[in-house]
Structures are given as C-alpha cells and as structure tokens.
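As structure tokens, the structure follows; a few thoughts come after it.
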Amino acid sequence: MALSSRTVTVIGAGLAGLSAAYDLHRAGWKVTVLEARDRVGGRVYSLRGFSNELVAEAGGEFIEESHTRMLTFAKQFSLQLGRVGSWQGQDKDWASFEGKAGPMSNVEIWGTNLHDEVKKIWEALAELGAYVPDPTQPQLARHAEYLDSKSTADWINSLDAHPLAKKDFIQHIRAEYTCEPERHSLLDLARNVSMYYTTSERGMNYRVISGNDQIPRAS
C-alpha cells in the first residue's frame with residue numbers, strides 16, 4: 001500500500017491528539033481528527049472579550065521551560081511568547097484574603113512579607129521529596145506507612161509559616177490535585193514532589209501573548 005493511501009483517525013482534538021495528528025500528517029498520512037466539542041485544544045482554553053483585547057486562560061496557563069514540545073510548536077507557528085516568571089509565585093503577585101487585597105510583599109497590608117512566607121512553604125516542600133527516593137514505587141519508601149497515615153493538611157498545619165501563607169498553599173493543593181488537603185495523602189504529595197519539586201529554584205514560564213489556544217488552533 002502506498003504511503004499516500006494510508007489513513008488514520010485520531011480521537012480527540014486536545015494537545016495530545018493534535019500533536020499526534022500533526023506528526024502523522026507531516027509523515028504523509030491522511031489524518032482525520034474527531035472531537036466532540038465545538039473547539040480544539042482540550043484543557044487549553046483561552047477567554048477573550050475583555051477590554052484592551054486582553055486574554056485570560058481558563059485552562060492550561062503556563063508553558064514551562066521543560067515543555068519543549070509546546071515551545072517548539074510556538075516557534076514553528078511563529079507565535080509570540082511572553083515571559084511570566086514562575087507560577088509558584090512572585091513578589092509582585094497580588095493576593096486577596098480576609099477582606100484585604102494587595103501585593104503579597106506589602107508588609108503594611110499583611111503584617112508580614114507574605115511572598116517570603118509562601119516561599120518558605122515551597123522550600124519545605126522541596127525537602128519532602130527526599131522521603132520518597134523512587135516515585136514509581138512510593139509504597140517502598142522507608143516511612144511510607146507513616147506518610148500515608150498523614151494528610152497534606154497535617155503537613156501544612158505543622159509548618160512554621162504565616163496562616164495566610166498556608167491558606168495560599170491550600171489553594172495550590174486544591175488546584176493541583178482537585179481535592180481538599182485533608183483528603184490528600186502526604187505519601188502521594190511526597191511522591192509528586194520527588195518527581196517535580198526537588199528543588200526550590202523556580203524556572204521561567206511563558207504564555208502565548210495572543211492566547212495559549214493559538215497553538216492547538218495552528219496545529
């Protein structure tokens with residue numbers, strides 16, 4: 001059978017499906033992509049309609065330095081990237097807690113440099129990964145039974161950090177694991193840290209200036 005007569009159907013127009021379809025098409029295959037939604041991109045979903053042509057991300061927001069595939073696509077499709085710093089927090093970030101709002105580093109508002117307090121939690125998190133040297137088999141970790149008997153909430157409450165910083169980190173747990181920290185095993189948190197957060201250093205992140213959905217639309 002000639003290469004030109006080869007056909008393939010890809011189910012789903014999320015980034016994985018579109019990436020596969022893109023490579024197959026370039027390799028000479030006739031590709032059909034099926035998608036149940038009325039848009040492409042899956043979890044990448046950009047919102048428009050704001051003043052001054054601003055764009056907000058309602059799905060995947062940050063393109064990390066390690067996301068080489070996404071960065072390559074942006075370059076191939078001539079999409080302009082904007083540097084946005086670390087998604088783990090920056091000193092000029094704003095926060096809203098208990099009726100107050102303002103830059104996290106503003107001591108007058110919070111009574112402390114809230115950015116530094118949050119940074120302390122991320123530093124403690126990096127150390128947690130050492131308890132699970134092999135994240136593919138967390139049950140074999142030396143303290144696996146003890147860690148699994150504790151929740152992420154137990155760990156957060158044990159930290160020497162400002163209460164508002166703890167509230168900020170709780171929001172991260174909710175967003176990352178889609179559950180309350182009281183229902184999240186500390187063993188699983190340590191496993192995840194072992195894979196991704198063993199250092200407190202924060203790499204650069206990017207967004208597509210015209211909206212991250214420009215990547216799946218272009219592919």
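We did not get these values from a lab; they are worked out from the coordinates using the rules stated. Since the model is a prediction, treat every value here as computed from it, not as a measurement. Positions of Cβ are generated from backbone atoms using ideal geometry, with glycine treated the same way; all protein chains shown enter the neighbour counts.
The table for this structure:
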| read-out | value |
| --- | --- |
| Along each principal axis, Cα extent of the range 94-196, largest first, Å | 47, 22, 20 |
| Normalised alpha carbon radius of gyration of the range 148-219 [divisor 2.2 N^0.38 Å] | 1.43 |
| Spherically averaged projected area of the chain from its Cα convex hull (nm²) | 16.2 |
| Test item: Cα-centred dipole of the chain, Lys/Arg +1 and Asp/Glu -1 on Cβ, debye | 1060 |
| Amide hydrogen neighbours beyond the local backbone of His184, cut-off 5 Å, H modeled | Thr152, Ala153 |
| Other-chain or far-sequence residues with amide H under 5 Å of Ala95's (modelled H) | Gly102, Met104 |
| Average Cα contact separation per residue, the chain, under 8 Å, 6 or more apart, as relative contact order % | 26 |
| Theoretical FRET efficiency, 1/(1+(r/R0)^6), r = Cβ-Cβ of Gln76 and Arg39, R0 35 Å, to 0.05 | 0.95 |
| Share antiparallel - DSSP beta bridges, the chain, percent rounded to 5 | 65 |
| Packing-based order for 129-141, 42-54, 158-170, using average beta carbon neighbours within 10 Å, highest first | 158-170, 129-141, 42-54 |
| Relative contact order computed over the range 94-196 (Cα-Cα under 8 Å; 6+ residues apart), in percent | 32 |
| Extension reserve of the Asp91-Glu176 stretch, reckoned as 0.36 nm per residue once the Cα distance is removed | 28.5 nm |
